[in-house]
Amino acid sequence: MKRKSIKTSVFLYIFISLILTIPRTSFAMDKPQAINGTLDLSNWTYHQDGIVKLDGQWEFYWKELLTPEDFNKVDLESENNLIVLPRAWNKYEFDGQELSGKGYATYRLLIKNNSDESLGIKLPRIFTAYKLWVNGELTAWAGQVGTDINQMTPQYLPQIKYINPTSDTIELVIQVSNFRHRSGGILESIKLGTASQISDLYISNLTLELFLFGSLFIMGIYHIILFIFRTKDKSTLFFGIFCLLISMRTLLVGEIYFINLFPSFSWELAHKIQTFAYYLGVPLFTLFLKSVFPEDTSKRINRLILLIGFSFGFIVLLTPARVFNDINTYYQIFTFFVFIYLFYIITIICYRKREGAFLIGMGVLVLILFSINDILFLSTMFADSDDHFLRNFITRGNLSSWGLLIFVFSQSMVLAKKLSRSFYKVELLTEELIELNVSLEDKVIERTLALENSRRELQSAYHAVSRSEKSLQDLIQNISHDLRTPLTGIKGYINAILDGKVKDPEKQNKYLERTNSKIDFLNNMIQELLDLSQLQSRQMKLNIEEVPVRTLIESFTKRFNIDSLRNNRKVEISSISDSQDETLILENIFLMIDIEKLDRVFYNLISNAHKYTTDDDTISISFNFTDDKEKLLVEVSDSGFGISTDELPYIFDRFYMSSNVDKSNSNSTGLGLSIAKEIVNYHRGEIWVTSELGQGSSFFFTLPIYKRLS
Ligand code: ADP
């Protein structure tokens with residue numbers, strides 16, 4: 001067995017033991033019995049021996065309502081019969097005939113008493129009206145005793161009365177009549193003790209019953225509220241109603257506190273409610289078990305129980321007590337069968353290890369056993385006989401309510417366990433959800449980034465494809481256009497030699513040299529075209545490295561100086577110097593560049609500056625950072641020819657050459673600036689020009705700074 005089950009069964013055990021050991025006033029062990037209508041208590045010490053049950057042979061006058069005065073008359077003709085109490089007069093043999101429950105009679109008992117202290121007498125419910133005289137004095141009554149159904153009013157009123165014995169004999173005379181119940185007479189023991197013993201007994205009984213009522217009532221309401229909040233689980237509704245019914249019943253059995261509060265409450269109605277609660281309790285309990293363990297109960301048997309239970313309940317509602325009392329025995333037998341079925345269910349659920357099966361099983365078992373006690377106590381075989389051996393064990397008729405309380409206790413433990421488990425699950429799920437949420441957010445971000453990346457990749461792939469396509473088209477167009485001119489030249493020179501038009505070897509040589517240089521030019525042009533095409537389609541791979549700004553500036557400056565020396569131009573160099581500001585230490589500022597390709601850009605700008613200037617002009621270079629300090633800004637300026645505003649927008653186009661340039665005699669291909677632009681763009685930089693005709697030109701390009709070391 002698991003540790004938890006042990007814990008819960010220990011709990012249950014303690015609870016049951018507590019209930020079973022509820023303090024009860026001690027009863028006499030060696031039960032004195034009345035003999036021949038006299039109970040000898042002359043040797044009885046109440047304080048030591050306890051309360052005594054006035055059981056045994058009572059005088060019994062059938063069909064006679066006698067008063068104490070009648071017994072004082074010397075000429076009392078009544079026949080002195082004896083009846084052993086407690087029992088119903090049903091089946092009592094009188095004049096050779098068995099009595100039925102209906103009728104009236106007088107009981108008489110003489111008690112020999114040696115105590116002069118105040119005594120208490122505890123009267124049970126008597127079936128179904130009575131009048132009691134103690135020593136000739138009318139002491140207690142319930143309902144109205146009468147000789148037929150119309151003259152009498154039934155009422156159950158257990159009560160206690162105090163008497164002060166004046167002589168050593170106490171005479172009890174009780175008139176009883178019954179026409180409404182199946183059983184008639186005194187079915188439970190009348191008890192005698194000292195006044196305080198009897199009041200203690202009464203108070204403790206009452207307290208426990210009210211406690212029981214309160215507990216069951218609250219549990220009933222609690223379960224119904226549970227159902228209102230969660231209508232999906234019907235078990236709480238069935239159980240709630242069941243508890244309420246049994247709590248009502250608790251007030252109508254035992255000390256019948258309810259009638260103490262409302263003495264004129266209809267016996268018929270009270271009896272109806274009490275029986276109805278029992279009859280309906282059986283199918284309700286089955287419904288409850290069915291909704292808790294749907295897979296372990298039989299649908300057919302459930303339906304049968306409901307049908308029978310509700311039909312009997314219906315009969316109780318519609319018929320008077322004297323009718324529905326007669327079917328009670330059948331319902332009790334039916335209940336026994338239901339108990340067997342319930343027992344089968346609890347065995348199954350324990351075997352199948354259902355949630356809470358052990359606790360509920362224990363609870364149901366106790367409820368069954370306690371209810372069997374009550375059924376037997378209220379059974380006709382018990383009521384109609386005085387010497388039934390079961391009377392030794394079964395002394396009280398309201399144990400089932402206690403059984404239910406134990407069951408409620410076990411059920412609430414199951415409920416508490418279920419609830420706490422559900423809470424635990426909810427907490428766990430919440431935690432998981434939170435985690436999931438967080439990781440979901442991360443995942444969404446991750447996926448969005450991935451999507452964004454692939455979108456960019458797709459876009460750049462698309463651009464690359466369209467660029468390649470375009471550069472291919474341009475290439476073909478340019479080749480057809482721009483290669484034709486030098487080719488025509490070459491063809492002209494060669495034809496002139498071949499045709500024999502040029503015979504002078506010196507001239508021939510000159511023609512061949514020109515042809516050769518045109519071929520070199522073509523070669524160069526084709527190479528540049530290929531480079532440009534590859535750059536445009538981004539097929540040319542750059543050899544990117546981390547280069548400090550200082551290194552780039554030094555490399556450019558060196559080349560500038562060499563080129564300018566060759567061409568005798570005046571030069572000016574202005575470079576950003578390392579400043580105190582640590583953000584501007586050139587050694588620590590890095591670019592991600594292919595230094596060779598950028599050298600080609602720089603070379604192109606300088607050679608253009610030489611080309612489009614005269615010896616009087618100045619060429620200057622300067623290195624700076626853009627205003628936002630995010631880029632390096634390189635400027636190559638000259639004070640030469642400048643470019644007209646009309647031509648400015650086109651000078652970065654491939655093959656664009658100013659109209660002033662002598663195309664036939666120059667080595668210009670018109671590709672230099674296009675290549676420069678592609679290389680700078682490839683580095684995520686920009687290139688532009690400002691110029692005015694005759695005023696010189698300034699070419700700028702930027703390169704993004706990759707990182708700064710602090
Ligand atoms: P090219 O091989 O003809 O120099 P580029 O693409 O380098 O081809 O230059 C394109 C045109 O831009 C040149 O034909 C010229 O008209 C103009 N250009 C370039 N640089 C300068 C400059 N520094 N001053 C004036 N014009 C220039």
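The values are calculated or read from the model by the stated rules, or taken from the named source; none is laboratory data. As the structure is a prediction and not an experimental result, all values here were calculated from the model. In this analysis, Cβ positions are derived from the backbone assuming ideal geometry, glycine residues included, and neighbour counts consider all displayed protein chains. These accessible areas exclude ligands, DNA and RNA; they are computed on the full protein's heavy atoms, side chains included. Shrake-Rupley method; radii C 1.70, N 1.55, O 1.52, S 1.80 Å.
Please state which one of 359, 404, 365, 429 is without any contact (Cβ under 8 Å) to a residue 12 or more places away in the chain and over 30 Å from residue 92 (Cα atoms). Just one listed residue meets the conditions, 429. The residue pairs whose first member lies in the stretch 506-532 and is among the hydrophobic types (A, V, I, L, M, F, W, C), whose second member is not in a helix (DSSP H, G or I), and whose beta carbons are closer than 6 Å, counting only pairs six or more residues apart or on different chains, are 525/669; 532/671. I need the full set of residues from the stretch 611-636 which are under 20 Å from residue 670 (Cα atoms) and open to solvent by less than 20 Å² (accessible area, probe 1.4 Å), in order please. Residues satisfying the conditions are 613, 636. Taken as a whole, the structure leaves residue 465 outside the set of residues that are in a loop (DSSP other than H, G, I, E, B) and surrounded by 11 or more Cβ atoms within 10 Å (Cβ to Cβ).
A residue that is free of Cβ contacts under 8 Å to residues at least 24 places away in the same chain and more than 9 Å from the ligand (Cβ to nearest atom) can be found somewhere in the stretch 618-630. Taking the criterion of being of a type in the set (D, E, K, R), closer than 28 Å to residue 392 by Cβ and in contact (Cβ under 8 Å) with a residue 40 or more places away in the chain, the residues of the stretch 45-98 that qualify are 53, 55, 59, 87, 91.
Here residue 212 clears all of (1) under 22 Å from residue 31 (Cα atoms); (2) out of contact with any strand residue (DSSP E or B) (no Cβ under 8 Å at 6 or more places or on another chain) except the condition numbered (1). In this entry, residue 656 is excluded by the filter for residues that are more than 9 Å from the ligand (Cβ to nearest atom) and closer than 27 Å to residue 569 by Cβ.
Filtered by the rule that a residue be of a type in the set (Gly, Ala, Ser) and loosely packed, with under 12 Cβ neighbours inside 10 Å, the stretch 96-115 gives a lone residue, 96. Taking the numbered list (1) closer than 25 Å to residue 657 by Cβ; (2) buried (at least 16 other Cβ atoms within 10 Å of the Cβ) in turn, residue 552 passes all entries but (1).
The listed residues are 138, 157, 82, and the only one of them that is out of contact with any Pro (no Cβ under 6 Å at 6 or more places or on another chain) and crowded, with 18+ Cβ neighbours inside 10 Å turns out to be 157. Can you find, within the stretch 306-330, the residue that is nearest to residue 149 (Cα to Cα) among those that are surrounded by fewer than 18 Cβ atoms within 10 Å (Cβ to Cβ) and under 42 Å from the mean Cα position of the chain (by Cα)? Of everything passing the filter in the stretch 306-330, 314 is nearest to residue 149 (Cα to Cα).
Restricting the stretch 116-135 to residues that are touching a Phe, Trp or Tyr at 6+ places or on another chain (Cβ under 9 Å) and open to solvent by 20 Å² or more (accessible area, probe 1.4 Å), the residue that is nearest to residue 196 (Cα to Cα) is 118. Restricting 425, 443, 470 to residues that are assigned to a helix (DSSP H, G or I) and touching a helix residue (DSSP H, G or I) at 6+ places or on another chain (Cβ under 8 Å) narrows the list to 470.
Against the list (1) at pLDDT below 90; (2) open to solvent by 20 Å² or more (accessible area, probe 1.4 Å); (3) among the polar types (S, T, N, Q); (4) within 8 Å of the ligand (Cβ to nearest atom), the condition residue 664 fails is (4).
Identify, from the list 253, 292, the residue that is aliphatic (A, V, I, L, M), modelled with pLDDT under 95 and closer than 30 Å to residue 422 by Cα. Talk me through it step by step, then tell me what you get.
Details: 253 fails: closer than 30 Å to residue 422 by Cα.
Sole residue among the options that is aliphatic (A, V, I, L, M), modelled with pLDDT under 95 and closer than 30 Å to residue 422 by Cα: 292.
Quick check on my filter: what residues within the stretch 22-60 are of a type in the set (Asp, Glu), more than 20 Å from residue 185 (Cβ to Cβ) and modelled with pLDDT of 90 or more? Within the stretch 22-60, 40 is the sole residue that qualifies.
Of all residues being over 16 Å from residue 239 (Cβ atoms) and open to solvent by 20 Å² or more (accessible area, probe 1.4 Å) in the stretch 284-305, which is farthest from the chain's Cα centre (by Cα)? Just the residue, please. Top of the filtered list is 304. Entry remark, the stretch 591-603: residues being within 12 Å of the ligand (Cβ to nearest atom) and open to solvent by less than 30 Å² (accessible area, probe 1.4 Å) number 1 in total.
Considering only helices (runs of 4 or more DSSP H) fully contained in the stretch 314-380, which possess at least 2 residues that are charged (D, E, K, R) and more than 16 Å from residue 296 (Cβ to Cβ)? Working first, answer last.
Working: elements: 321-324, 328-351, 357-377.
Per the criteria, no element qualifies.
Answer yes if at least one residue in the stretch 297-312 is under 23 Å from residue 398 (Cβ atoms) and either in contact with a Leu (Cβ under 8 Å, 6 or more places away or on another chain) or of a type outside the set (A, V, I, L, M, F, W, C) (or both), and no otherwise. If you could, list the steps in order and put the result at the bottom.
Keep residues of the stretch 297-312 that are under 23 Å from residue 398 (Cβ atoms), which gives 309, 312.
When the remaining residues are screened for being either in contact with a Leu (Cβ under 8 Å, 6 or more places away or on another chain) or of a type outside the set (A, V, I, L, M, F, W, C) (or both), the result is 309.
Yes: the stretch 297-312 contains one or more residues that are under 23 Å from residue 398 (Cβ atoms) and either in contact with a Leu (Cβ under 8 Å, 6 or more places away or on another chain) or of a type outside the set (A, V, I, L, M, F, W, C) (or both).
Can you tell which of 642, 696, 685, 670 is open to solvent by less than 30 Å² (accessible area, probe 1.4 Å), in contact with a Leu (Cβ under 9 Å, 6 or more places away or on another chain), touching a residue at least 12 places away in the same chain (Cβ under 8 Å) and within 11 Å of the ligand (Cβ to nearest atom)? Result: 642 is the single residue among 642, 696, 685, 670 that is open to solvent by less than 30 Å² (accessible area, probe 1.4 Å), in contact with a Leu (Cβ under 9 Å, 6 or more places away or on another chain), touching a residue at least 12 places away in the same chain (Cβ under 8 Å) and within 11 Å of the ligand (Cβ to nearest atom). Determine whether the stretch 519-537 contains at least one residue that is open to solvent by less than 80 Å² (accessible area, probe 1.4 Å) and not in a helix (DSSP H, G or I). Yes, the conditions are met somewhere in the stretch 519-537. List pairs: first residue in the stretch 534-562 and touching a residue at least 24 places away in the same chain (Cβ under 8 Å), second residue surrounded by 16 or more Cβ atoms within 10 Å (Cβ to Cβ) and aromatic (Phe, Trp, Tyr) anywhere in the structure, Cβ distance under 6 angstrom, at least six positions apart or on different chains. Every condition considered, the pairs that remain are 546/590; 548/590; 553/623; 556/602.
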